[in-house]
1. Are there any pairs, at least 6 apart or on different chains, whose C-beta atoms fall under 6 Å, with the first in the range 382-395 and in contact (Cβ under 8 Å) with a residue 12 or more places away in the chain and the second assigned to a strand (DSSP E or B), and if so, which?
2. Name the single residue, out of those in the range 83-111 being within 17 Å of Leu400 (Cα to Cα) and in a helix (DSSP H, G or I), that is most open to solvent (accessible area, probe 1.4 Å).
3. Report the residue count in the range 247-270 for those that are part of a helix (DSSP H, G or I) and open to solvent by 30 Å² or more (accessible area, probe 1.4 Å).
4. Please pick out the residue among Gly402, Gly359, Gly388 that is within 23 Å of the chain's Cα centre (by Cα), outside any helix (DSSP H, G or I) and surrounded by fewer than 24 Cβ atoms within 10 Å (Cβ to Cβ).
5. Which residue pairs have Cβ atoms closer than 7 Å, lie 6 or more positions apart in sequence or on different chains, and pair a first residue in the range 205-218 that is of a type outside the set (Phe, Trp, Tyr) with a second residue that is open to solvent by 30 Å² or more (accessible area, probe 1.4 Å) and assigned to a loop (DSSP other than H, G, I, E, B)?
6. I'd like the residue in the range 327-356 that is more than 15 Å from Gly405 (Cα to Cα) and among the polar types (S, T, N, Q) and, out of all such residues, is farthest from the chain's Cα centre (by Cα).
7. Six or more apart or on different chains, Cβ under 6 Å: which pairs go from a residue in the range 45-65 that's part of a helix (DSSP H, G or I) to one that's at pLDDT below 95? Could you list them?
8. Being under 18 Å from Arg340 (Cα atoms) and part of a helix (DSSP H, G or I) is the filter here; which residues of the range 214-246 pass it?
Amino acid sequence: MHMIFAINSETMITGFARRFPPRLSPGKEWYKDMGMTMTQKILAAAAGLEKVEAGQLIEADLDLVLGNDITSPVAIKEMDKFTAKGVFDKDKIALVPDHFVPNKDIKSAEHCKCVREFARKNEITNYFEVGEMGIEHALLPEKGLTVAGDVIIGADSHTCTYGALGAFSTGVGSTDMAAGMATGKAWFKVPSAIRFNLTGKPAKWVSGKDVILHIIGMIGVDGALYKSMEFVGDGIANLTMDDRFTIANMAIEAGGKNGIFPVDEPAENYIKEHSDKPYTIYQADEDAVYDAEYAIDLSALRPTVAFPHLPENTHTIDEIRQMDPIAIDQVVIGSCTNGRLDDLRTAAEVLKDRHVAKGMRCIVIPATQAIYMQAMEEGLLKTFIEAGAIVSTPTCGPCLGGYMGILAERERCVSTTNRNFVGRMGHVSSEIYLASPAVAAASAIKGVICAPEDLA
């Protein structure tokens, strides 16, 4: 891996972990004559401008505003303070109760009631009740609400998921969500960008989760702070759409404003299969400016695990084998990061004709009702149950320490979720190890952190 810094059209400097030279930082006069990145083109179009540059403040039209059962009530209360009443477009708002749904207690029930009544009052088209809901960042692409070229904000930090489809999507606070629902517009500071050139084909058991954990381990949790993480290269063709959703989903864990992929044939096929919305494909200019470029050979990657208490604290499975065995108490396979069909298929392949370790708790959570149904039809749920796992209705649940898998004092969990901060899934002394579905399933069988290749 290396970084490449674009100095001008003729000169390139390469090196490891070097910062972009201050004298050439984006926003200087020379920068105005350069091309735009994919993200900058989308934002320029949404702002009605021919060109934007990094650092510029713009007001952009929104194609979708998203909220869930935790963030929407706050936004709804903020809207009560506005002079203008109602929403800008009932078809361009999505309300997805998913964090504590089905309701875990009275407070969560009251939150959902607030969202439900707001949706009814404003005739929100895309309100998803229990029975049709799912984890928001898996549900919205599945329902065809996110397409290439869209500008999407959501009061949830992992809204950046939709960059897998060539959209600009980013998380915002509940106040910004309220303003977006009322006006259909949002202010942005145009981000500069980092380009990740992906080549090669991942080996068996290496997935999008390993790719993004590798990247975060390499650049750190603030390595892309308020930057667009743009993924390019012929290696993208060897990543499934579910891989891409996972990678874009965790851009925020590197500090990124958004993550985005070019719209190739698989991405366009996904859009056409799920949506009848018009879409626009944007491509970065050849002379677009990037703060840095990383070249990553996917064929050289290994299953990767993020140790407590930051996603950047990564170790490959080969490094883990050199350590004392790390015994675990629980495994969670699901979330907006890894609860999609490919993830469940991978976990089932590992668990097939095997059984989780004695005393192990293995929780599998399909991300949407459609994924749940397909997993049932394929016999995946039967495999999970026969292996000694339990299967939950779609919910964020344990990812944020909500319910369906809270950790007690000093317990350890291997989870396919996206954050392993102190106390994230329960007690402040508990530990979370972030991993792919393959590693999570193998670890459930053996009772220690391992990869499928370590199973007898």
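1. Phe384/Val364; Phe384/Val391; Ala389/Cys362; Ala389/Val364; Ile390/Ile363; Val391/Val364; Pro394/Gly134; Pro394/Thr368
2. Pass one, the range 83-111, residues within 17 Å of Leu400 (Cα to Cα): 96-105, 107-108, 111.
If we keep only those that are in a helix (DSSP H, G or I) too, we end up with 107-108, 111.
Working: Lys107: 141, Ser108: 5, His111: 59 Å².
It comes out as Lys107.
3. Keep residues of the range 247-270 that are part of a helix (DSSP H, G or I), which gives 247-254, 265-270.
Now drop any that are not open to solvent by 30 Å² or more (accessible area, probe 1.4 Å), which leaves 252, 265-266, 268-270.
So the count comes out to 6.
4. Details: Gly359 fails: within 23 Å of the chain's Cα centre (by Cα); Gly388 fails: within 23 Å of the chain's Cα centre (by Cα).
From the options Gly402, Gly359, Gly388, the qualifying one is Gly402.
5. Val206/Arg302; Ile216/Glu312; Gly217/Glu312; Met218/Met1
6. Checking each candidate, the answer is Thr346.
7. none
8. First pass over the range 214-246, keeping only residues under 18 Å from Arg340 (Cα atoms): 238-246.
Asn238, Met241, Asp242, Asp243, Arg244, Phe245, Thr246 - these are the residues of the range 214-246 that are under 18 Å from Arg340 (Cα atoms) and part of a helix (DSSP H, G or I).
The values are calculated or read from the model by the stated rules, or taken from the named source; none is laboratory data. Computed from a predicted model, the values in this text were never measured in an experiment. Backbone-built Cβ (ideal geometry, glycine too); neighbour counts: all protein chains shown. We work out accessible area using only protein heavy atoms, side chains counted, and drop any ligands, DNA or RNA first. Shrake-Rupley method; radii C 1.70, N 1.55, O 1.52, S 1.80 Å.
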